[in-house]
Each structure stands twice: as C-alpha cells, then as structure tokens.
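Peer 1: Please read through the structure below; I'll follow up with questions.
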Amino acid sequence: MSLVMIIEDEEPLAMLLSYNLEKEGYEVATVANGLNAVSEVERLMPSVILLDWMLPEVSGIEICKMIRSKADIKNIPIIMLTAKGQEEDKIRGLGAGADDYVTKPFSVPELMARVKTNMRRAPLFEEKDKIIVFDDITMDLSERKVFRNGHQLHLSPTEFRLLKMLIKEPGKVFSREILLKSVWGENIFVESRTVDVHIRRLRKSLNQYGPDYIRTVRANGYSIDKNSSSDTTEEKEDEL
Ligand code: CA
C-alpha cells in the first residue's frame, strides 16, 4: 500500500486530508510540525508528501529544500499546500523543489487527483520478486522479459538495460553521459549519439502497444514519463 505523508499543523485540515486519503486506499502518516518532519520522511519513506507552507518552527520551503538535498529521499514527490496564492510564492515553492502546488482552500477531489498523478511519478515503484511495473509496462528482471499491455517486447540487452535505468526513476532526466556510463560501462568508448539510436529502437518497441512514455529533453537527455507526448514529437522529427 502506498503511504502519503501529511506535514500540516492545522489539525482539522490534517484530519480531513487523512480521512479522504484513507478512503482512497492510501496509508497515511501525519506530522504536525516542521522540526521532525525530515527525519519522519526518512524513517517512513512515503510515496508522496503533502507539505504545508506555513508551519511552526521550520517552514515548508525549508523542509522542501532539506528533503531535496538528501539522497535517500530527494525523489519523493512533494505537493505544497498553502494559503498564499500569489504567483511569486508559487515560483518560490517550485524553486525550492516542490513538484506541485495547491492553494488553500482547495477542493478535496482536486487534491486527491493531484496525489494520484504524483503517485505515478513516485520513485517507489512496485518491485516484488524483481518485477518492475510502470503503468502498462512490466519488466521481469530475473527472466529478462518486458511486457506492455500483455504483449511481450523483444529488446536487445542494451535496450533492456536502458529501459531498466529509466523506469526505476520515472520523471528523472538522465543525461546521455550518465546513460552511457551506466548502460555501456565506464571504459568503453561509445559516442553519445549511440544512446539516441538505442533510445529510438527502444521507443519503437514500446510504442507498438501503447503511448510514447519516453521523453526527450533537448540537449539534456531522456526520462520515462507518462505525460511525455508533447515535447517528444518535435525531437523525433529531428532524429529522422
Ligand atoms: Ca499551517
């Protein structure tokens, strides 16, 4: 079961959120002040964090920055909750590393939808007996098999390793250099363009049975992401 952590000092709001999240089938942990928030995140490793902006002792922004600076928890999606609606504050929140932003008063169904969306991006993917699941893609690491929507894909060992790397941290952008080092190894000389070639093949295999989830980030690299279609089209044309 996925755990959602609520870091919120207003008890009625924390209770309302907790009630609704549990109704949606999530496990919930609530932290009422900023002081022990980060250590609780490290202890419980939630899939998504709802973080209030205005907290006693340590502000939501500070907590957000601290979470983003710690390797073990930095990829956990954070949704900021705040009464402030100004554009400037929104930018500050996102600048501090928040993934999403909800302004109080918000509608419960809207917040539940945001939690669900951010949950999909969570690094804590389903891994049981070495099975990795990302939406409709399933990787069986021990059998070295990949399925999409029930169809088996036939990937080369390199494409398999590339997919594994991307799928383990959805939404994270991997540079060509990092992919080369991790997938091909440090001592092998391969041009970074080679990564593009293999990504193209991987994409072709995956897209036979579902939408394009590989996102090309111009000049930066690649990630796997459910909301990828808009900015890949352009790049794909470039690659032809
Ligand atoms: Ca507050």
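The values are calculated or read from the model by the stated rules, or taken from the named source; none is laboratory data. Everything quoted here is computed from the prediction, not taken from an experiment. Don't worry about glycine lacking a Cβ; one is built from the backbone with ideal geometry, like all the others, and counts go over all protein chains shown. Just the protein is used for accessible areas: all its heavy atoms, side chains included, with ligands, DNA and RNA removed. Shrake-Rupley method; radii C 1.70, N 1.55, O 1.52, S 1.80 Å.
Peer 1: Taking the residues in the range 76-106 that are touching a helix residue (DSSP H, G or I) at 6+ places or on another chain (Cβ under 8 Å) and in a helix (DSSP H, G or I) as candidates, determine which candidate is farthest from D9 (Cα to Cα).
Peer 2: Looking at residues that are touching a helix residue (DSSP H, G or I) at 6+ places or on another chain (Cβ under 8 Å) and in a helix (DSSP H, G or I), I get R92.
Peer 1: Say we look at the range 18-53 and pick out the residues that are within 16 Å of the ligand (Cβ to nearest atom) and in contact (Cβ under 8 Å) with a residue 40 or more places away in the chain; which of these is surrounded by the fewest Cβ atoms within 10 Å (Cβ to Cβ)?
Peer 2: W53
Peer 1: Is the range 192-206 home to any residue that is modelled with pLDDT of 80 or more, part of a loop (DSSP other than H, G, I, E, B), open to solvent by 60 Å² or more (accessible area, probe 1.4 Å) and of a type outside the set (S, T, N, Q)? Reasoning before the result, please.
Peer 2: If we filter the range 192-206 for residues that are modelled with pLDDT of 80 or more, which is where we start, we get 193-206.
Filter again for part of a loop (DSSP other than H, G, I, E, B), leaving none.
Among the residues of the range 192-206, not one is modelled with pLDDT of 80 or more, part of a loop (DSSP other than H, G, I, E, B), open to solvent by 60 Å² or more (accessible area, probe 1.4 Å) and of a type outside the set (S, T, N, Q), which makes the answer no.
Peer 1: Yes or no: V183 touching a His at 6+ places or on another chain (Cβ under 9 Å), of a type in the set (A, V, I, L, M) and part of a helix (DSSP H, G or I)?
Peer 2: When the stated conditions are applied, V183 passes them.
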